[in-house]
Amino acid sequence: MPEPEREFVIYYGVRVIAGWPERIVEAQTIPTISIGGAEYARVRYGEEPDDWGADRQPCHDCAAIKGQFHVPSCDVERCPRCGGQAITCDCPYDDNSDDSE
Ligand SMILES: [Zn+2]
Ligand SMILES: [Zn+2]
């Protein structure tokens, strides 16, 4: 038997993998992030300095809607400390398991 294909669901008009809407809900319970021992308020979708289309559509990467927090590891989420891309910036995220610094 081949492995079953991943199932998709439509969430606010965006195709996401099954179970993803629950991850978005879960992301809303994490309003801050710890970086270098300090707590920072996470940047909600639509609060980024760049226009990612929050007024027109859900986040293209994690399907959050305007005013929601992105799902952790979303490539749109900004770093509240440096303003860069949260998943690629060099800030010392305390919950980052791969300790590169
Ligand atoms: Zn997102
Ligand atoms: Zn940063």
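The values are calculated or read from the model by the stated rules, or taken from the named source; none is laboratory data. Computed from a prediction, not measured in an experiment: that's the story for all the values here. Every residue, glycine among them, receives a Cβ derived from its backbone with ideal geometry; neighbour counts consider all protein chains shown.
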Check your understanding: Within region 32-42, can one find any residue that is crowded, with 16+ Cβ neighbours inside 10 Å, at negative phi, without any contact (Cβ under 8 Å) to a residue 40 or more places away in the chain and of a type outside the set (Asp, Glu)?
Key -> yes
Point to revise | Pairs with Cβ under 6 Å, 6+ apart, first in region 45-69 and hydrophobic (A, V, I, L, M, F, W, C) and surrounded by 21 or more Cβ atoms within 10 Å (Cβ to Cβ), second modelled with pLDDT under 95 and not in a loop (DSSP other than H, G, I, E, B) | key: Ala63/Tyr11; Ala63/Val14; Ala63/Val16
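Is it the case, given these coordinates, that Arg6 is on the phi < 0 side of the Ramachandran plot, among the charged types (D, E, K, R) and within 10 Å of the chain's Cα centre (by Cα)? Explain how you work it out, then say what you get.
Values: on the phi < 0 side of the Ramachandran plot: yes; among the charged types (D, E, K, R): yes; within 10 Å of the chain's Cα centre (by Cα): no.
No, not satisfied.
Mind checking which strands (runs of 3 or more DSSP E) fall wholly inside region 1-70 and carry at least 1 residues that are in contact with a helix residue (DSSP H, G or I) (Cβ under 6 Å, 6 or more places away or on another chain)? It would help to see each step written out before you state the result.
Working: elements: 8-11, 14-17, 32-35, 38-41.
In region 1-70, 8-11 are the strands (runs of 3 or more DSSP E) which contain 1 or more residues that are in contact with a helix residue (DSSP H, G or I) (Cβ under 6 Å, 6 or more places away or on another chain).
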